[in-house]
1. Among 118-124, 94-100, how do they line up by average Cβ neighbours within 10 Å per residue, starting with the highest?
2. Cut-off under 15 Å on the C-alpha distance; same-chain residues fewer than 8 positions from LYS100 excluded. Which aspartates and glutamates are left, in chain and number order?
3. Taking all protein chains together and a probe of 1.4 Å, list TYR66, TYR150 from the most accessible to the least accessible.
4. For LYS113, go through the aspartates and glutamates and keep the ones whose alpha-carbon is under 18 Å away, minus same-chain ones fewer than eight residues off.
5. Pop a pseudo-label 7 angstrom from the Cα along the beta-carbon direction at both HIS75 and VAL144 and give the gap in nm to one decimal.
6. Need one number: nm distance between label points at TYR125 and LEU104, each 7 Å from Cα along Cα→Cβ, rounded to one decimal.
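The values are calculated or read from the model by the stated rules, or taken from the named source; none is laboratory data. Since we're looking at a predicted model, the values are computed, not measured. Using ideal geometry, Cβ is built from the backbone for each residue, glycine included, and neighbour counts are taken over all protein chains shown. In case anyone asks, the SASA skips ligands and DNA or RNA and just uses the protein heavy atoms, side chains included. Shrake-Rupley method; radii C 1.70, N 1.55, O 1.52, S 1.80 Å.
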Amino acid sequence: MGFEDEWRRSHTNVAMRLNQVPGDPGSTAGTAGTGGTPDTASTRGADLVAHADDLGVVGGDAYKLYDALRVDGDHARQSTFEAARALSADNFTSGDALMKVHDLWQSQFSTLKDACAQISNHLDYSVAQHTKDDAEVLGALAQVSVISGYLK
């Protein structure tokens, strides 16, 4: 078998593997959500399907967590800091340890709060961007349809 034949055969096999998903008769793969109805993108196996409603719920939950952390997550910071300074001033070794706890808590707290805000903002942006992209595609398809009408 020559190189060209072997290349064509291997390329065809790869394409076939990438364009199909083996089905499991007992599974619910290829169904959208919990309704059990097939989603065209899911049955192809190649496309990501994310609905704006789903993203909105996750983004809303992330914002609620961010807001709760912003309000309730910082109430002990000042008293912990003051206790650590007072203990250190009185030469208690627990003052340094408490200050380390305070600093670590602040670092982790800020990271978690920022992550929640970033998730919320990113999902809001994603929904808006996908809506804009869909509108542009619909506009382009309308133009193609009008042009196709002139070609008939």
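1. Working: 118-124: 16.3, 94-100: 14.6.
Put in order of decreasing packing, that is 118-124, 94-100.
2. Qualifying aspartates and glutamates at Cα under 15 Å: GLU82.
3. Details: TYR66 55, TYR150 180 Å².
Highest to lowest solvent-accessible surface, that is TYR150, TYR66.
4. Qualifying aspartates and glutamates at Cα under 18 Å: ASP61, ASP67, ASP72, ASP74, ASP103, ASP124.
5. With each label point 7 Å from Cα toward Cβ, the separation is 5.7 nm.
6. Between TYR125 and LEU104, the simple spin-label model gives 3.3 nm.
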